[in-house]
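The values are calculated or read from the model by the stated rules, or taken from the named source; none is laboratory data. All of these numbers come straight from a predicted model, not from anything done at the bench. Cβ atoms come from the backbone with ideal geometry, glycine included; neighbour counts cover every protein chain shown. Areas reflect the complete protein model, heavy atoms only, side chains present, ligands, DNA and RNA absent. Shrake-Rupley method; radii C 1.70, N 1.55, O 1.52, S 1.80 Å.
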Amino acid sequence: MSLPVRKLLAYAAIYILWGGSFLAIREVVSVVPPFFAAGFRFTVAGLILILWSRFTGPIELNARQMLGAAALGFVMFACLYAGLFWAEIRIASSVAAIISAMIPIWIYAGEVLILRTQRATLLSFAGIAFGFAGVALLVFRHSAHHAHARTAAIAILVTVAGTLCWSAGTLWSRRLSLPSPQKLNAGFQMYTGGFFLILLSLAAGEYKNLPTLPVLLSARVLVSMAYLIVAASIIAYTAYVWLIAHDSPTHVASYAYVNPVIALILGVTLAGEHLTRRQYAGAALVIAGVIATLIGKRTPRPKDDDPRPQRKVDRTVLLR
């Protein structure tokens, strides 16, 4: 298979499979309690990646690396996906996807304000402003005084908090020693995140609300969960890692603003989700903000004595 064809398939995977994961999450949590569903997804996906790494090549793993991956599993997977799965019971999957698109904006803001590894540009500053305005429109849409509207607004804010946790974990990871290769690192983060989510499920008493076995084994649940584990957590992630090694990171980062569009199309066409004009305006502002932030982000120039372009690959896991 030629390189252009492989790139096309890889981009299709991270665009479509990650974009479709938001609708799959909504399908699962309509039947299965959210924390248990998220924990099961990542425990299984993480175990598969750990075993795959163990039997397909050399690995680098010690106690310090395991602790680092476990810490990120809690901060990123447990915190983000506990909120996301819980929120998708209360808001449209397309709205959850739009909020999740804010992650690159938060990361960039952290690079400018905390790590000091980036300088703010006019375009990136405009992107941050667009993103905030878009989220404000989405929250304002649900700020009415009746109970359902307040619950939806809280769900949006919980999703925002989850994206902040993911972004903080991404920045923190740059100072941690993590397992190698990357799929082993991903596996440990997923597996430990899933473990914490299962503990949260037990603490929340979700086992009392688990559906009967015939319902758990229904086509709706099995297909959606298989999609999340195999398509979104393994296939799309593998495609992402391959693309990072074979294409510009800026091009690969385009998934951040394509995923919400895919999620919006799928939510409207397959799930009958209906967004208001204000919500569409908010979505447009968030996506425009992500695009402006990524384009306006300055890439540090390589040293004068090194003519090779520098490419810094983030060792965290980027999933949906």
Practice task
Grab the Cα-Cα distance for ARG277 and ALA133, subtract it from 0.36 nm times how many residues apart they are, and report the gain in nm with one decimal.
Solution key: 50.4 nm
Problem - Calculated from backbone phi, Karplus (6.51, -1.76, 1.60) coupling profile of the range 22-29 in Hz, x at Gly/Pro - result: 5, 5, 4, 4, 5, 5, 5, 6
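Need the full-extension length gain, THR212 to MET66, defined as separation in residues times 0.36 nm minus the C-alpha distance. One decimal, nm.
Details: separation 146, 0.36 × 146 = 52.56 nm, distance 3.59 nm.
Fully extending the segment from THR212 to MET66 adds 49.0 nm.
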Completion exercise
Per 10 angstrom bin, beginning at 0 and ending with the bin that holds the maximum distance, the Cα pairs of the range 89-175 fall in percents of 17, 43, 28, 11, 1
Fill in the blank from the handout: Residue span ALA219 to LEU157: 0.36 nm per residue of separation minus Cα-Cα distance leaves a gain in nm of 19.1 nm
Handout entry: Accessible-area composition of the range 139-256, carbon plus sulfur, in percent [1.4 Å probe]
Key = 71 percent
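Where nothing but the Cβ of Lys and Arg (+1) and of Asp and Glu (-1) is charged, how large is the charge dipole of the chain around its Cα centre, in debye to the nearest 20? Let's see the in-between values first.
Values: 27 positive and 11 negative charges, 78 e Å.
Rounded to the nearest 20 debye, it is 380 debye.
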Practice task
Using just the helices of the chain, give the 222 nm mean residue ellipticity in deg cm²/dmol: DSSP H runs with n ≥ 4 each add -39,500 (n - 2.57), and the total is spread over all residues, rounded to 500.
Solution key: -21000 deg cm²/dmol
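Taking only the Cα atoms of the chain, how large is their convex hull per residue, in Å³? Don't skip to the answer; put the middle values down first.
Working: hull volume 49.5 nm³, N = 320.
That works out to 155 Å³ per residue.
Can you work out the accessible area per residue across the range 93-243, with the rest of the protein chains kept in place, probe 1.4 Å, in square angstrom? Walk me through the intermediate numbers first.
On the way: 6780 Å² over 151 residues.
Roughly 45 Å² per residue, with all protein chains present.
Please sort by residue number the trypsin sites (Lys or Arg not before Pro) in the range 157-215 whose DSSP state is loop and whose Cβ has at most 14 other Cβ atoms within 10 Å.
ARG174, ARG175
Find the all-direction average of the projected area of the Cα convex hull for the range 101-257, expressing the result in square nanometres with one decimal place. Working shown, then result.
Numbers: hull surface 50.7 nm².
Orientation-averaged projected area of the Cα hull: 12.7 nm².
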